[in-house]
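Asks: This structure is in structure tokens; I'll ask about it shortly.
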Amino acid sequence: MKLVPYSPTAAAAAATAAVVVIAAAAAAAVVVEVIVVVVVVVAAAAAVVVLVVVVVVVVVVVVVVVVVVVVVVVVVAVVSGFSSNS
């Protein structure tokens, strides 16, 4: 096996390559983290939208039920008033 003589230039190039690889890995990790944060924020926003839609639907159903009950009560009162007058 032949030993390669020490070369400061080769050592500096290897160190620079290692720094570049580490920096690229760190940048990739940051990009992945940003993507994860964006996905979580979008999912949370979607959950809030779904919750708002559910609340609106429940409120609309309650209002419709109340209106129907009021109409039925008024109709029954009017009909019973007509029948008691005759």
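Please treat every number below as a calculation from the coordinates, not as lab data. Everything numeric here is computed off the predicted structure, so don't read it as measured data.
Asks: With runs of 4+ DSSP H residues as the only contributors, calculate the mean residue ellipticity of the chain at 222 nm using -39,500 (n - 2.57) per run, divided by the residue total and rounded to the nearest 500. Write out the running numbers ahead of the final one.
Replies: Numbers: 1 runs with 78 residues, N = 86.
The per-residue figure over the chain is -34500 deg cm²/dmol.
Asks: While we're here: If I fit a long axis through the Cα atoms of helix 8-85 and take the longest principal axis of the Cα atoms of the chain, what angle between them do I get, 0 to 90°, rounded to 10?
Replies: Approximately 0 degrees, to the nearest 10.
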